[in-house]
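Colleague: There's a structure below that I have some questions on.
The values are calculated or read from the model by the stated rules, or taken from the named source; none is laboratory data. The structure presented is a predicted model; accordingly, all values stated were derived computationally and were not measured. No Cβ is skipped: glycine too gets one built from the backbone with ideal geometry, and neighbour counts run over all protein chains shown. All accessible areas refer to the heavy atoms of the entire protein, side chains included, with ligands and DNA or RNA removed. Shrake-Rupley method; radii C 1.70, N 1.55, O 1.52, S 1.80 Å.
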Amino acid sequence: MAAWPNPWLPLLLVAALLAFEDWLSTPSCSGGEPAPDLAAGDLRAMMVADLMLLGSDATYADRFFRDHVTSKLFTKSIQTTNPDMIIVLGDISARGSEHNESKWIAVLEQFEGILGQYSSLPLHIVLGDKDVGECSSLDGKLVHRMAKHLPGLDSSGCGAFEFSNTSFVSLNAVALLCGDNMLRFSVEKVMEKESHHFQKKRLNGAYHSPLGSENGEGVGAHSWRQNSMTLGSGPVLLLHIPLHKSQKSDTGVIGVPMFPDGTVSDHPLVPPSSKQSPLVPPSSKQSPLVPPSSKQSPLVPPSSKQSGVDGRRLYDQSHTLPANSTQYILQALKPRIIFSAHADSFSDYTHPDGTREVTVPAMTWKKGGMPGFAIATFGQKGVVSVNCCWLVQEWYIMTGYSVFLFLTALAIRWSHWI
């Protein structure tokens with residue numbers, strides 16, 4: 001048996017491989033890497049999105065290559081940025097709406113395997129359109145089956161929690177994008193409850209109302225149209241679908257109708273074939289966003305019917321929530337900051353009312369772009385700093401491993417020649 005011509009060559013190859021893997025898994029963050037240490041009371045969250053996992057339907061290439069590499073990327077990124085928690089902003093699954101319950105659990109187990117030793121970190125998962133399906137197939141029962149395996153979410157796919165004195169609210173934005181469905185009205189009720197909660201918390205200090213109160217007792221008597229909350233005094237809002245972004249013209253910002261500060265539109269929340277919501281008095285004028293003849297919810301543009309072909313067409317054309325849904329959310333919740341996804345790229349946008357929205361890039365190569373994530377640091381004085389971190393493209397990884405295999409084969413062949 002031929003000996004290696006240089007006994008150090010195998011060690012050099014292994015060292016080169018380890019150095020390459022360390023390089024490819026190290027994120028490159030805008031503004032430099034976040035400081036490893038936090039001030040007392042600060043919270044750091046790692047925001048990821050669009051993982052597009054296949055669970056039990058994953059191919060061998062996914063299981064033994066992509067998952068391995070993705071795990072290294074997560075491990076190095078977590079070690080580098082040192083987050084206190086991980087938030088997935090939707091589309092953890094590539095086709096969750098086609099999965100039965102066991103396959104959905106397999107997706108969650110796949111993600112747990114990717115996180116490895118860091119699977120013990122606090123985790124919150126938002127539902128996305130790939131998880132729950134398109135508008136034409138949106139099913140409340142499916143959402144409930146999925147949400148019950150995600151701690152912190154209610155039956156409509158929404159959630160509210162507090163971590164290190166920072167309040168979070170996550171909404172099932174897919175239900176708001178789609179049209180007349182009872183699931184959307186459940187999401188609206190969550191916003192009403194949370195608006196009531198934060199206004200009362202502002203007045204009473206330590207008041208807390210759990211999101212899980214299904215009957216909504218005590219909420220209906222409170223008219224939240226006169227919103228006492230100030231700009232940015234609400235929760236950190238987590239969505240999969242971004243809010244509508246106003247267009248600018250020579251005369252100013254247009255696209256999102258604005259109401260006087262501290263108020264919410266007088267539109268009635270009237271589900272199909274139901275009585276008027278107790279949140280709006282019967283004598284209340286109708287919102288200018290909805291023509292008097294319209295029976296639709298104010299969150300749905302009057303011209304859109306979200307079922308069948310029309311619902312699919314709106315879904316295909318819309319990558320943001322409608323303008324009136326956006327205004328509804330901004331006025332009701334007064335978010336401290338908004339984190340969204342779905343657009344596959346990073347953006348840091350300020351809405352006309354001053355609310356900041358950060359859109360997180362996809363953390364997968366399946367979207368074709370450069371994968372990335374965001375690190376958000378929440379300070380005790382209300383300051384939120386955001387770093388966008390980018391990872392290497394897949395062709396770098398494929399090229400690097402191919403070169404390593406080529407050099408290894410060449411070295412083995414050389415040993416036989418000697």
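Colleague: Any of LYS103/LYS189; LYS200/LYS381; LYS130/LYS366; LYS141/LYS334 with alpha carbons more than 23 Å apart? Name them for me.
Modeller: Numbers: LYS103/LYS189 30 Å; LYS200/LYS381 21 Å; LYS130/LYS366 13 Å; LYS141/LYS334 30 Å.
Check vs 23 Å cut-off fails for LYS103/LYS189; LYS141/LYS334.
Colleague: Quick one: which of 355-361, 341-347, 12-18 comes out on top by average Cβ neighbours within 10 Å, and what's the full order, highest first? Show your work: numbers first, answer last.
Modeller: Working: 355-361: 23.1, 341-347: 19.7, 12-18: 12.9.
Packing order, densest peptide first, comes out as 355-361, 341-347, 12-18.
Colleague: Still on this model: Grab the eigenvalues of the alpha-carbon gyration tensor for region 53-128, scale each by 5, take roots, and send me the semi-axes largest first in whole angstrom. Could the numbers behind the result be given before it?
Modeller: On the way: eigenvalues 89, 49, 18 Å².
Each semi-axis is the square root of five times an eigenvalue, giving 21, 16, 9 Å.
Colleague: Between LEU18 and GLN117, what length comes free when the chain is fully extended (0.36 nm per residue of separation minus the Cα-Cα distance, one decimal in nm)? Please report the intermediate quantities before stating the final value.
Modeller: Numbers: separation 99, 0.36 × 99 = 35.64 nm, distance 1.95 nm.
Once the chain is fully extended between LEU18 and GLN117, it gains 33.7 nm.
Colleague: Measure off, as a whole percent, the carbon and sulfur share of the 1.4 Å-probe accessible area of region 69-188, all protein chains present. Kindly include the intermediate steps, with their values, before the conclusion.
Modeller: On the way: 1840 of 4040 Å².
Roughly 45 percent of what the probe reaches on region 69-188 is carbon or sulfur.
Colleague: Taking a probe of 1.4 angstrom, what is the accessible area of TYR349 in Å², to the nearest 10?
Modeller: 50 Å²
Colleague: Cα convex hull of region 327-369: mean projected area in nm², to one decimal?
Modeller: Across all orientations, region 327-369 yields a mean hull projection of 3.3 nm².
Colleague: If you don't mind, there's one more thing I want to ask. At 1.4 Å probe size, with no ligands or nucleic acids counted, give the accessible surface of HIS124 in Å², nearest ten.
Modeller: Accessible area of HIS124: about 10 Å².
Colleague: Quick one: the Cα spread of region 342-390 along its three principal axes, in angstroms, biggest first?
Modeller: 38, 24, 11
Colleague: What FRET efficiency comes out for PHE406 versus GLN79 if R0 is 25 angstrom and r is the Cβ-Cβ distance? Round to the nearest 0.05. Please report the intermediate quantities before stating the final value.
Modeller: On the way: r = 30 Å, r/R0 = 1.20.
After rounding, the FRET efficiency stands at 0.25.
Colleague: With the contact rule set at Cα under 8 Å and sequence spacing of 6 or more, what percent relative contact order holds for region 155-200? The partial results should precede the final answer.
Modeller: On the way: 32 pairs, mean separation 13.4, N = 46.
With pairs under 8 Å counted, the relative contact order is 29 percent.
Colleague: Take the Cα atoms of region 34-160, build their convex hull, and give its volume per residue in Å³. Let's see the in-between values first.
Modeller: Details: hull volume 13.4 nm³, N = 127.
Roughly 105 Å³ of hull volume per residue.
Colleague: Let me ask another. Please give the peptides 376-382, 116-122 ranked by average Cβ packing (other Cβ atoms within 10 Å per residue), highest first, as a rough proxy for protection. Can you show the working numbers first?
Modeller: Details: 376-382: 16.0, 116-122: 13.0.
So the peptides 376-382, 116-122, ranked by packing, come out 376-382, 116-122.
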